[in-house]
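Heads up: the structure comes next, in structure tokens.
Rule-based calculations on the coordinates, nothing more; no lab input. Model, not experiment: these values are computed from the prediction. No Cβ is skipped: glycine too gets one built from the backbone with ideal geometry, and neighbour counts run over all protein chains shown.
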Amino acid sequence: MLLKKPIPIHGRRKINPATVEEALCEVNGRATAHVIRSHRDLAAIAIAAEKDLENRGLSKSLRDGTRLTYVPTGPGSSYARKANHAITTKVVLERLKGTWCLVEVERAEIFATSSESKILELTSAAIAAILRHATRDTRLRDAPPRLEHAALGPLLFDIAQVVLPEDMSAHRKLAAVGIVDNLIDANSSR
């Protein structure tokens with residue numbers, strides 16, 4: 001069930017546990033086993049997600065817009081002897097303006113032996129920051145030798161003659177070669 005308005009779970013905004021538990025009760029009905037039932041459960045999930053993002057080196061300013069889809073573990077192998085599947089609660093949390101909010105909650109059918117599922121959806125800026133953090137002390141060991149400009153210029157112009165349209169002026173072809181040359185410079189200096 002997609003909620004009409006995000007419900008704050010953990011963070012800067014005012015949190016109302018009764019509103020959270022009301023949304024969970026609406027989806028869970030009378031079920032009490034194998035479901036997410038309380039605001040505390042959701043807050044623990046949000047805190048763990050925040051810690052995970054921190055460990056990945058993501059600054060707080062880039063964490064907004066992150067979505068977490070969470071499904072808890074199945075009841076276990078002893079339950080699997082009775083039934084293959086179990087009904088649980090699937091929640092989607094989103095970080096908005098420094099606060100983790102519940103944006104979607106629904107019932108989900110899982111295998112009794114399945115492990116918990118956490119799927120993080122990040123913005124492209126957040127992914128780029130995580131990659132920069134993960135590779136900050138890494139250098140490419142078997143890098144190909146850098147091509148010198150003297151050999152590169154004529155090669156690029158020959159490629160431009162073949163690839164670019166014939167009706168394009170020589171001046172524009174040289175400009176296109178310059179753009180490609182600048183891209184190669186930018187990539188090789190890293």
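Across all C-alpha atoms in the range 2-134, the radius of gyration and Dmax reach 15.8, 48 Å.
Extension gain, I127 to A48: 0.36 nm times the residue separation minus the Cα-Cα distance gives 26.6 nm. Phi angles of the range 108-119 translate, via the Karplus equation with coefficients 6.51, -1.76, 1.60 and θ = phi - 60°, into HN-Hα couplings of 9, 9, 10, 6, 4, 9, 6, 8, 5, 10, 10, 10 Hz per residue; Gly and Pro are given as x.
Put simply, the amide H of C101, placed in the peptide plane, has neighbours under 5 Å in I9, E94, R95, L96, leaving out anything fewer than 5 places away on its chain. Each peptide in 57-64, 41-48 receives the mean, over its residues, of other Cβ atoms within 10 Å, and ordering these scores from highest gives 41-48, 57-64.
A cut-off of 5 Å between modelled amide H atoms, ignoring neighbours fewer than 5 places along the same chain, links T73 with E116.
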